1. With the cut-off at 1.5 for a/c, could you classify the range 53-134 from its C-alpha gyration tensor as rounded, prolate or oblate?
2. Mind giving me the FRET efficiency for E291 and T166? R0 is 35 Å, r the Cβ-Cβ distance, nearest 0.05 is fine.
3. Would you list which lysines come within 30 Å of K214, measuring only between C-alpha atoms, while excluding same-chain residues fewer than 8 positions from it?
4. In vacuo Debye scattering of the chain, one point per C-alpha: log10 I(q)/I(0) at q = 0.08 Å⁻¹?
5. Express the C-alpha Rg of the range 189-311 as a ratio against the empirical globular expectation 2.2 N^0.38 Å, rounded to two decimals.
6. Computed from the mean reciprocal separation of all distinct C-alpha pairs, what Kirkwood hydrodynamic radius does the range 1-51 have, in Å?
7. In nm, give the distance between the simple-model label positions of D72 and R59, each being 7 Å from the Cα along the Cα-to-Cβ direction.
8. If each residue of separation counts as 0.36 nm, what is the full-extension length gain between Q203 and A28 once their alpha-carbon separation is subtracted?
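Every number here is computed from the coordinates shown, using simple stated rules; none is lab data. Source: prediction; values computed, not measured. No Cβ is skipped: glycine too gets one built from the backbone with ideal geometry, and neighbour counts run over all protein chains shown.
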Amino acid sequence: MSCRVDAEQLFERFFLPLYPADARADLARARAEDANPARNPSILAHLSEAAARFADNARTLFDADLALDGSDASVHRLGAALTRVHRDRWMAEGAPGTPDSLLFNAVVHGAAYVGACIVDGHGGSWGVRRPLWESVVRLESRAGVADLTVFHWWLKSLADDALDGTQATLADRYRAHVEVPRARPEELPVLVAAPRALPRLKQPRYDLLHKYLKAHLPELRDLGADFPTVERFEAYAFRWMDFLVLGGGRMVLCAGASAHGLHLFWMTAAGFEKSAFFACDAFPDPLVRLEGDRIVAMTSMSGATRVHEMLWWGP
């Protein structure tokens, strides 16, 4: 049986040998230090060229036309195309730890492409690092100011856990850190015209979830392409699931308790929007309620009560 691949292994084998010696010696400093304080436009142009090169080479990399037009939708198409078959082919072409590695080139150029989507589509700005592929994108949103480590999104998305569906994909990270914080939830279309209390689903199997929605939330016609797969949903082994109508009917929150913690899924008229997870004890049961425009989740960890608060459209 072949060994499983994680993000750290990919980094150490394919990327770390190509770092300057001083950056290898102090990665934390290299990742924090601005390598372009004067905002030299020629350095920023290299990032734009790398993004364009990735879009131009995508058909060869993926054996398909992903229509990489710089849109948010293109990042979702790209995320869906990141499969184990492609990763393993890239790993096999070119010597690891050299500029000839196809995996190295796909990731560093792909990181530039996703970063360019954030810069051009959401008003982000590049924070240049050394080496260049460690560059971050600074994004301002309702959630505050964040430096997005797009290169590391790629590494994590090519790890086996992400490819198996048990960890966040590239599209998941882009949605959570770019699309959701920059969204205007008050402009979402109304999903539930007459907000109402909804009963608990006591046996949250995937087939019973569909029957529940048909009976109690017929307005939600589609869970969306990014809702957990049947296998992933069943693996959670939910004990129960509650449903809350949010934002005057613009969203529905699905809150499920598993043996490992509390899972939250936000749904809009377009289906799955995003998720959150809070590790907690199985007893006492977690509690989720709506207080004004805020969601309050109460959990217990090692006997101590924890309170998690967030706005109705989520973290």
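1. oblate
2. The formula returns an efficiency of 0.60 here.
3. Those lysines meeting the cut-off are K202, K274.
4. -0.42
5. For the range 189-311, the normalised Cα radius of gyration comes out at 1.02.
6. Numbers: mean 1/r = 0.0740 Å⁻¹.
Hydrodynamic radius (Kirkwood, Cα pairs) of the range 1-51 is 13.5 Å.
7. Each label point lies 7 Å from its Cα, and together they span 2.9 nm.
8. Additional length available on full extension: 58.4 nm.
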